[in-house]
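In what follows, a single structure is set out as structure tokens and then discussed.
Nothing in this text is a laboratory measurement; each read-out follows from the coordinates by a stated rule. Here the structure is a predicted model, which means the values were calculated and not measured. Don't worry about glycine lacking a Cβ; one is built from the backbone with ideal geometry, like all the others, and counts go over all protein chains shown.
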2 protein chains.
Amino acid sequence: MKKYEEKSISSTPIYEGKVISLRVDEVTLPNGKTSKRELVKHPGAVAILPITDEGKIVFVEQYRKALERSLIETPAGKLEPGEEPEVTARRELEEETGYGCEKLTHIQSFATSPGFADEIIHVYVAEGLSKIENAASLDEDEFVEIIEATIEEAEEMMKSGQIFDAKTAYSVLWAKEYLQKR
Amino acid sequence: MKKYEEKSISSTPIYEGKVISLRVDEVTLPNGKTSKRELVKHPGAVAILPITDEGKIVFVEQYRKALERSLIETPAGKLEPGEEPEVTARRELEEETGYGCEKLTHIQSFATSPGFADEIIHVYVAEGLSKIENAASLDEDEFVEIIEATIEEAEEMMKSGQIFDAKTAYSVLWAKEYLQKR
């Protein structure tokens, strides 16, 4: 998995932030030439595809400053340092939707933007949902609204652009196949 | 689509690069408090899901410095300023695979990392493929290898982690449903 490896000759730190950091590496290419790579580091994240006993998907709507609009997405959240993704998934599900789940199953992990970032999202399906009394609350800079939708409604939201991010687009396709079999 | 809007109070440019730029905004939250948002700007990209007449998918393997490994992905590339995504899609398909296509159909657009970046990928399916003589060549810092795979082989590559990025994971699920109907 190192085909065409690009070795770093130098690495220049540009920024250390709360969520991401940025550095620029000069690399040697397979043909011996050099190039620059702008590299964003991110702690990684989980996304949860919560499916109710009735076969509805639980989404959250939130504002995304990077896109200057709100999106309808699967619940998700960043990994804390050293945290197991499954722990993050249960926490974020509770915080963002108020649901706990009996069954949490990893379905896929993927890099979101391999051209410039190392962010990896671990996607879980959550089933056997039930509302938690006095559920943990959101971070103080998070504001989300819960939306429960059938798969047909979710597909409409993808067509209309209300659902507009990679992890959620993936999750809707996955849920469609899964619910046909369940 | 502006629910829970976060208005910028100030915006600090951090870096202007070849591919991305970074700025940090201080924003007003819906509860009146303030927070910081680290925001990566990216020109946007296309991904092409090329399907041969025999129902094979054409992937490319390339090294991804951000992840320090090579990945098997759908062909893809950044939008040039002012370029229509369909033009980018035909160009990247030719450069990365040597294929031209009779039919190019937009299937979905999505943000890859809405938590910190504005990158949007437009995904197209390309059909009616045929090799172009003297095809346009890759950028001088690009090195890719072409891999043609059946949908079953692609699903195995997802399980094994050789396919490991969001646009390709989405495309494989989409292709599976599509090929069952085609």
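Odds and ends about this structure:
- Counts of other chain beta carbons within 10 angstrom of each beta carbon in peptide A:94-107 average 0.
- Per-residue mean of foreign Cβ neighbours for A:139-149 is 3 (Cβ atoms of other chains, 10 Å radius).
- Nearest-first distances (nm) between copies at B:Ser160, label 7 Å from Cα via Cβ: 4.2
- Cα-Cα over 31 Å, subset of A:Lys41/B:Lys181; A:Lys3/B:Lys181; A:Lys176/B:Lys3; A:Lys3/B:Lys131; A:Lys2/B:Lys41: A:Lys41/B:Lys181; A:Lys3/B:Lys181
- Between helix B:151-160 and chain B there is an angle of about 50 degrees, using the helix long axis and the longest principal axis of the Cα atoms.
- Alpha-carbon centroids, segment B:17-55 and segment A:21-70: separation in whole Å: 8
- Helix A:166-181 axis versus longest C-alpha principal axis of chain A: approximately 40°, rounded to the nearest ten.
- Given their separation in residues at 0.36 nm each and the Cα-Cα distance between them, A:Arg91 and A:Glu68 gain 5.6 nm when the chain is fully extended.
- Rounded if a/c under 1.5, otherwise prolate or oblate - segment A:45-95, Cα gyration tensor axes: oblate
- Taking every residue in B:56-68 and counting other chain Cβ atoms within 10 Å of its Cβ, the average works out to 6.
- Position B:Glu84, label points 7 Å along Cα→Cβ, spacing to each other copy in nm (shortest first, one decimal): 5.3
- Per-peptide packing, taken as the mean over residues of other Cβ atoms within 10 Å, places A:41-47, A:167-173, B:120-126 in the sequence A:167-173, B:120-126, A:41-47 from highest down.
- Summing Lys and Arg as +1 and Asp and Glu as -1 over all other residues whose Cβ lies under 10 Å from the Cβ of B:Thr52 gives a net charge of -3.
- Length released on extending from B:Thr105 to B:Arg182, taking residue separation times 0.36 nm less the Cα-Cα span: 26.3 nm
- In plain terms, the C-alpha convex hull of the protein assembly as shown casts an average shadow of 18.3 nm² when viewed from every direction.
- Angle between chain A longest axis and helix A:85-97 axis [Cα atoms, degrees, rounded to 10]: 50
- Sorted from closest to farthest, the other copies place their A:Lys41 label points 2.6 nm away, with each point set 7 Å from Cα along Cα→Cβ.
- Sum of -39500 (n - 2.57) over DSSP H runs of 4+, divided by residues of chain A (222 nm, nearest 500): -7000 deg cm²/dmol
- By average C-beta atoms within 10 angstrom, highest first, the peptides A:56-68, B:18-30: A:56-68, B:18-30
- Each of A:Ser21, A:Gly32, A:Ala135 was placed along the dipole of chain A (beta-carbon charges, centred on the mean Cα), and the one lying farthest toward the positive end is A:Gly32.
- In a reduced charge model with +1 at each Lys and Arg Cβ and -1 at each Asp and Glu Cβ, the protein assembly as shown shows a dipole moment near 340 debye about its Cα centre.
- Dipole of chain A [Lys/Arg +1, Asp/Glu -1 at C-beta], most positive-end residue of A:Ile107, A:Tyr4, A:Val125: A:Tyr4
- Per residue, the average separation of C-alpha pairs within less than 8 Å and at least 6 apart gives segment A:79-170 a relative contact order of 26 percent.
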